[in-house]
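Worksheet: the structure to be examined is printed underneath.
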Amino acid sequence: DTATLPEFPGLRALVVDDNVVNREVLAEALQQMGATMSFACHGQEALEIMRSQPFDVVFMDCSMPVMDGFAATRQWRLEETGKAVPIIALTAYSEANAGDDWKTAGMNAFITKPFTIPTIADTITSTSGRRSSSETTVTVKNMSPIVRAVQEVELLDTQTLSMVDLLS
């Protein structure tokens, strides 16, 4: 079996989530697409990182300790100069249940967990204007189990992922 993954070589992404499993899953998917990543565990840490280096896209969990994604995005929008970096809200809530908080905070798009690689790629394209430079065909046996799962089916919800994290 093979799977086709979009490629975004050189894409600089910041992944912000307090759950290590969620960070690892998104990082694995982005890495397979050619992106380079930095990571933060909460909004305050994300702001510190964003002040020190440029990013093409930020994936921001909405609900985190210390500073949530909404507050971090509002603060970043006040501070940023030049071209606005796309900030993509990540949440376990459906868009209907989350309301417009993500838009009001200044986020550019909304992805509900669980997500798939096509959803990630489409959101990168729609928010950053970057198109996949090409697509890579990889054999399923060479693809990590995480990417294989993200490519073909939705991932576990956040609560289940947290339980798996606790058990491991």
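Of the residues making up segment 17-37, those that are open to solvent by 60 Å² or more (accessible area, probe 1.4 Å) and outside any helix (DSSP H, G or I) are ASP18, THR36.
The single condition among (1) modelled with pLDDT under 65; (2) surrounded by 19 or more Cβ atoms within 10 Å (Cβ to Cβ) that SER133 does not meet is (2). For segment 32-55, the tally of residues that are within 24 Å of TRP76 (Cβ to Cβ) and modelled with pLDDT under 90 stands at 1. Taken residue by residue, segment 80-102 has no member that is open to solvent by 60 Å² or more (accessible area, probe 1.4 Å) and at pLDDT 95 or above.
Just to check your reading of the model, which residue among PHE59, PHE8 is surrounded by 21 or more Cβ atoms within 10 Å (Cβ to Cβ) and over 13 Å from the mean Cα position of the chain (by Cα)?
Working: PHE59 fails: over 13 Å from the mean Cα position of the chain (by Cα).
Testing whether each residue is surrounded by 21 or more Cβ atoms within 10 Å (Cβ to Cβ) and over 13 Å from the mean Cα position of the chain (by Cα) leaves just PHE8.
The single condition among (1) part of a loop (DSSP other than H, G, I, E, B); (2) in contact (Cβ under 8 Å) with a residue 40 or more places away in the chain; (3) touching a helix residue (DSSP H, G or I) at 6+ places or on another chain (Cβ under 9 Å) that PRO9 does not satisfy is (3).
The values are calculated or read from the model by the stated rules, or taken from the named source; none is laboratory data. Since this is a predicted model, take the numbers as computed values, not measurements. Because the Cβ atoms are built from the backbone with ideal geometry, glycine has one as well, and the counts that use them run over all protein chains shown. Quick note on the areas: whole protein, heavy atoms, side chains included, nothing else; ligands and nucleic acids left out. Shrake-Rupley method; radii C 1.70, N 1.55, O 1.52, S 1.80 Å.
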